[in-house]
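Each value in this text was obtained by applying a stated rule to the coordinates, not by laboratory testing. Given the structure is predicted, the values throughout are model-derived calculations rather than measurements. With ideal geometry, Cβ positions are generated from the backbone for all residues, glycine too; neighbour counts draw on all protein chains shown.
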Amino acid sequence: MTRLQVLQNHIDREFTASPSPFMLWMRPIVLAAEDGSVTFQYLVREEMSNPVKSLHGGVIAAIADDCIGATMFSLNEENFYTTINLNVDYFAPARVGDTIIARTSIIKKGRQFVNAQCEIWNEAQTRLIATAYSNLFKTNLVKQELSV
């Protein structure tokens, strides 16, 4: 089974096959997965919030980074890619109890570097919460196959 198929087998349910313990803590629901793009849904929980009960900016950045990582997972690359930068622009808050949608895409993929983006929206996808752009570098670490 390819890594993309693992993602697709989780459509409309929580992605429990992630190798990232942090992603497992965030409990994403897979809405869509294709070669080079994933869409996840999150429920903003109390432990993800800042003191004014909105989604913490660091968690927004982490969601973007993990979603972009899952996008690399969807490409069935043999090697791990590591984030070398992540630029996040914040536009609107999300509150505890809100559902948000994170959607990724690959902008450019070269032999060693990948440029990707993630948009985070409210559930109705009428209000953009944040956008993130990331560059990733291909490492010489090889991924192990997941047993799902």
Counting only backbone N atoms under 15 Å from a point 7 Å out along Cα-to-Cβ of THR2, the residues of region 62-98 in range are 71-79
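Order by neighbour count: TYR81, TYR42, fewest other Cβ atoms within 10 Å first, most last. It would help to have the intermediate numbers written out before the result.
Details: TYR81 25, TYR42 22.
The fewest-first ordering by Cβ neighbours comes to TYR42, TYR81.
Given 0.36 nm per residue, what is the gain on full extension from LEU31 to THR82 after removing their alpha carbon distance, in nm? If you can, show how the numbers build up before the last one.
Numbers: separation 51, 0.36 × 51 = 18.36 nm, distance 2.43 nm.
Extra length available between LEU31 and THR82 comes to 15.9 nm.
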Simple SL model, points at 7 angstrom along Cα→Cβ for GLN112 and ASN140; separation in nm is 1.3 nm
Most exposed first, judged by fewest Cβ atoms within 10 angstrom, ARG111, ARG103 run ARG111, ARG103
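So what is the 222 nm mean residue ellipticity for the chain from helices alone, if each DSSP H run of at least 4 adds -39500 (n - 2.57) and you divide by all residues, rounding to the nearest 500 deg cm²/dmol?
Values: 3 runs with 30 residues, N = 148.
Result for the chain, helices only: -6000 deg cm²/dmol.
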In degrees rounded to 10, the 0-90 angle between helix 57-74 Cα long axis and the longest Cα principal axis of the chain is 30 degrees
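Determine one quarter of the surface area of the Cα convex hull of the chain, which equals its mean projected area, and express it in nm² to one decimal.
Details: hull surface 33.0 nm².
Directional mean of the projected Cα hull area for the chain stands at 8.3 nm².
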